[in-house]
Amino acid sequence: MCNLEESFSRFDDKTTHRYFVITHVDSNDDVLVVNRSTYHGLPSEETTCILNPGDHSSVEHTSYIPYKRAKIEKYSLIPRNRLEKDVSHELYERMRNGARMSDFIPYECYQFIMSH
């Protein structure tokens, strides 16, 4: 079973990306994950969930959750050595509420968060 309030890192060629698990694991081993992006104040950036330094150890400058990139993933495929129980309950709830309010979240992800 998923420990709530977890995040993990993923690496690509050039950088590390922080992802947040924002649901319980369901009976299919699925969870909803979101990542964060630097906020520049552009009209294309969603403001449903803004993160500030201190909200999470990985947030060094104002960031936002781009719910349009939310994904349903298999929890068992997230490497255990990258999972960290490091998200405050308050931030976890803010990210979940943002997913419920987002106009940009993919429909299947919206359905998933509403049922979990």
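Just one residue in the set ASP26, ASP55, ASP30 is touching a Leu at 6+ places or on another chain (Cβ under 7 Å), surrounded by 15 or more Cβ atoms within 10 Å (Cβ to Cβ) and not aromatic (Phe, Trp, Tyr); that residue is ASP55. Test ARG80 against the criterion of being of a type in the set (Lys, Arg) and surrounded by 15 or more Cβ atoms within 10 Å (Cβ to Cβ), and give yes or no. No, not satisfied.
Within region 93-116, residues that are at pLDDT 95 or above have Cβ atoms under 8 Å from residues that are among the hydrophobic types (A, V, I, L, M, F, W, C) and surrounded by fewer than 19 Cβ atoms within 10 Å (Cβ to Cβ) in these pairs: ARG100/MET114; GLU108/ILE72; CYS109/ILE72; PHE112/ILE72, counting only partners at least 6 apart in sequence or on another chain. Within region 10-23, if we keep just the residues that are buried (at least 16 other Cβ atoms within 10 Å of the Cβ) and of a type outside the set (Lys, Arg), the residue that is nearest to the chain's Cα centre (by Cα) turns out to be PHE20. Out of all the residues in region 13-36, is one or more within 17 Å of GLU93 (Cβ to Cβ), free of Cβ contacts under 8 Å to residues at least 60 places away in the same chain and part of a loop (DSSP other than H, G, I, E, B)? There is at least one residue in region 13-36 that is within 17 Å of GLU93 (Cβ to Cβ), free of Cβ contacts under 8 Å to residues at least 60 places away in the same chain and part of a loop (DSSP other than H, G, I, E, B). Could you check, for region 47-62, whether at least one of its residues is in contact (Cβ under 8 Å) with a residue 40 or more places away in the chain, under 11 Å from the mean Cα position of the chain (by Cα) and assigned to a helix (DSSP H, G or I)? Checked region 47-62: no residue is in contact (Cβ under 8 Å) with a residue 40 or more places away in the chain, under 11 Å from the mean Cα position of the chain (by Cα) and assigned to a helix (DSSP H, G or I).
Conditions tested, residue by residue: (1) open to solvent by less than 40 Å² (accessible area, probe 1.4 Å); (2) of a type outside the set (A, V, I, L, M); (3) in a loop (DSSP other than H, G, I, E, B).
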site	(1), (2), (3)
LEU42	no, no, yes
LYS68	no, yes, no
GLU73	yes, yes, no
GLU93	no, yes, no
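The values are calculated or read from the model by the stated rules, or taken from the named source; none is laboratory data. Bear in mind that the values here come from a model prediction, so they are computed numbers and not experimental data. Neighbour counts run over all protein chains shown; Cβ positions are idealised from the backbone, glycine included. Side chains are part of the model used for accessible areas, which takes the heavy atoms of the whole protein and leaves out ligands, DNA and RNA. Shrake-Rupley method; radii C 1.70, N 1.55, O 1.52, S 1.80 Å.
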